[in-house]
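To start, the structure under review is shown below, and the notes come after it.
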Amino acid sequence: MKQQRRNYGQYCGLAGTLDIVGERWTLLIIRELLTGPCRYNELLANLPGIGTNLLADRLKFLTETGLVRQRRQEGAKIRLYELTEQGEGLREAVLALARWGLGVLSTPAAEDAVRPRWTMLAVEAMVDPSAAEVDEQYEFRVDGEVFHVTVRDGRVSVAHGKADGEPALTVHTDAVTFVEIGAGRLSPLEATLTKRLVMEGDGEAVLRCSRLLGLVG
């Protein structure tokens with residue numbers, strides 16, 4: 001039996017969306033799964049403060065509503081949670097919210113959590129496809145998390161893992177620095193001069209990547 005939840009009682013697309021994803025923590029669970037399938041304990045670790053009972057409740061509801069499904073990890077007994085096609089349909093909405101949210105971030109408090117995997121979604125939110133110039137890849141290494149951006153035939157994709165072959169640019173930084181740059185609170189130049197950001201690649205690739213992410217005009 002599906003869980004009975006409060007709803008807005010409004011015949012409206014936005015209200016219908018909020019009936020499903022408007023509860024506290026739900027969109028953050030979606031955020032985690034947009035970066036790839038996760039084990040339950042990974043979700044719990046990357047959502048500090050949620051509590052295991054609440055996480056289980058939210059996952060059960062999202063599974064019942066068809067946004068999330070479980071599958072066995074290949075060659076193991078571990079269960080993974082992943083988004084269904086319907087859940088993936090929230091990607092653009094979540095990216096738009098993340099993009100908007102970067103503009104309202106202030107200085108992080110000491111107790112604010114940050115995870116390197118969140119930077120992958122931040123990059124995806126920052127990408128301006130109209131600035132895709134040259135077919136190449138940029139690799140990001142953020143606190144041990146590795147992902148890459150591929151520009152190919154005017155299209156841009158972001159994926160886990162190392163770039164295929166030699167990337168045109170490799171970026172080394174930490175999660176806090178990257179979010180501060182994305183939020184416009186720290187310039188790439190200042191981050192580079194203070195060695196919070198290290199970029200390996202030719203100057204033209206640096207400029208192309210910066211334009212792609214909206215960091216320069």
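The values are calculated or read from the model by the stated rules, or taken from the named source; none is laboratory data. Every value quoted in this text rests on a predicted model; they were computed, and no experiment measured them. Here the Cβ positions follow ideal geometry from the backbone for every residue, glycine too, while neighbour counts run over all protein chains shown.
Here is a check on your reading of the model: is residue 192 polar (S, T, N, Q) and farther than 26 Å from residue 32 by Cα? For residue 192, the condition - polar (S, T, N, Q) and farther than 26 Å from residue 32 by Cα - is met.
Can we say residue 99 is over 15 Å from residue 35 (Cβ atoms), within 15 Å of the chain's Cα centre (by Cα) and outside the structural domain of residue 27 (by TED's automatic domain parsing)? Spelling it out, residue 99 is indeed over 15 Å from residue 35 (Cβ atoms), within 15 Å of the chain's Cα centre (by Cα) and outside the structural domain of residue 27 (by TED's automatic domain parsing). Taking residues in segment 35-53 that are over 12 Å from residue 115 (Cα atoms) and assigned by TED's automatic domain parsing to the domain that holds residue 158, and partners anywhere that are among the basic types (Lys, Arg) and surrounded by 11 or more Cβ atoms within 10 Å (Cβ to Cβ), not one pair has Cβ atoms closer than 9 Å while being at least 6 places apart or on different chains. When each of 67, 43, 28, 83 is tested for being out of contact with any strand residue (DSSP E or B) (no Cβ under 8 Å at 6 or more places or on another chain) and surrounded by 15 or more Cβ atoms within 10 Å (Cβ to Cβ), the lone residue that passes is 28. Quick one: is residue 110 surrounded by 14 or more Cβ atoms within 10 Å (Cβ to Cβ) and of a type outside the set (D, E, K, R)? Against the criterion (surrounded by 14 or more Cβ atoms within 10 Å (Cβ to Cβ) and of a type outside the set (D, E, K, R)), residue 110 does not qualify. Residue-level check: of (1) farther than 24 Å from residue 201 by Cβ; (2) over 14 Å from the mean Cα position of the chain (by Cα), residue 151 misses just (1).
Residues that are out of contact with any helix residue (DSSP H, G or I) (no Cβ under 6 Å at 6 or more places or on another chain) and modelled with pLDDT of 95 or more within segment 182-202 comprise 190, 192, 193, 194, 195, 198, 200, 201, listed in sequence order. Of all residues in segment 107-121, those that are more than 11 Å from the chain's Cα centre (by Cα) and touching a residue at least 60 places away in the same chain (Cβ under 8 Å) total 4.
Being surrounded by fewer than 16 Cβ atoms within 10 Å (Cβ to Cβ) and in a loop (DSSP other than H, G, I, E, B) is a property that does not hold for residue 101.
Where helices (runs of 4 or more DSSP H) fall entirely within segment 136-216, those with at least 1 residues that are touching a Phe, Trp or Tyr at 6+ places or on another chain (Cβ under 6 Å) are at 203-212.
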